[in-house]
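Peer 1: Take this structure, written in structure tokens, and hold onto it; I'll ask about it next.
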Amino acid sequence: MIRKTKRKYGCPVEFSIDQLSGKWKTVILSRLKVRPMRYGELRHDIPQLSDKVLTERLRDLCNSGFVKQERGGGASRYCLTKRGEMLKPMLQALYDWGETNADTFGVRFLSAEAD
């Protein structure tokens, strides 16, 4: 269930950032942008994330209506809701910006280190 707030925001960007704030939320959303995933798959894909924090962030994202948990066939998986799907262009823009600017900041990605 989505929590309603009486808080007033200065602009839509402030509200949007507030909804997505919290370390790892956008990282989880970016993984789910590609495909629905089980808890263990998310845990494997984001090794720096503890079980406790992953559980908390998934709960937050479900409560905010960005993610839903689908149960069936003995295994459940997490996927984006319609609200979460609306974030795909923004998540792709963040990915593209990070990929383009990583060298400038001296950043390396874990997947590149495996090569």
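Peer 1: Do we have Gln92 as in contact (Cβ under 8 Å) with a residue 24 or more places away in the chain, surrounded by fewer than 16 Cβ atoms within 10 Å (Cβ to Cβ) and touching a helix residue (DSSP H, G or I) at 6+ places or on another chain (Cβ under 9 Å) here?
Peer 2: It is true that Gln92 is in contact (Cβ under 8 Å) with a residue 24 or more places away in the chain, surrounded by fewer than 16 Cβ atoms within 10 Å (Cβ to Cβ) and touching a helix residue (DSSP H, G or I) at 6+ places or on another chain (Cβ under 9 Å).
Peer 1: Consider Arg57 carefully, then state whether it is buried (at least 17 other Cβ atoms within 10 Å of the Cβ) and either within 13 Å of Tyr78 (Cβ to Cβ) or at pLDDT 95 or above (or both).
Peer 2: Judged against the criteria, Arg57 is a match.
Peer 1: Name the residue, out of Ile46, Ile17, Ile28, that is surrounded by 10 or more Cβ atoms within 10 Å (Cβ to Cβ), of a type in the set (Val, Ile, Thr) and touching a Lys or Arg at 6+ places or on another chain (Cβ under 6 Å).
Peer 2: Residue meeting the stated conditions: Ile28.
Peer 1: Output the residues belonging to the stretch 20-46 that are closer than 20 Å to Arg71 by Cα, outside any helix (DSSP H, G or I) and either acidic (Asp, Glu) or in contact with a helix residue (DSSP H, G or I) (Cβ under 8 Å, 6 or more places away or on another chain) (or both).
Peer 2: Met37, the sole residue that qualifies.
Peer 1: If we scan the stretch 75-86, do we find a residue that is at pLDDT 95 or above and acidic (Asp, Glu)?
Peer 2: For the stretch 75-86, residues at pLDDT 95 or above and acidic (Asp, Glu): present.
Peer 1: Would you pick out the residues in the stretch 1-19 that are part of a loop (DSSP other than H, G, I, E, B) and aromatic (Phe, Trp, Tyr)?
Peer 2: Tyr9
The values are calculated or read from the model by the stated rules, or taken from the named source; none is laboratory data. It should be emphasised that the depicted structure is a prediction, and the values quoted were computed from it without experimental measurement. As a convention, Cβ positions derive from the backbone with ideal geometry for all residues, glycine included, and neighbour counts pool all protein chains shown.
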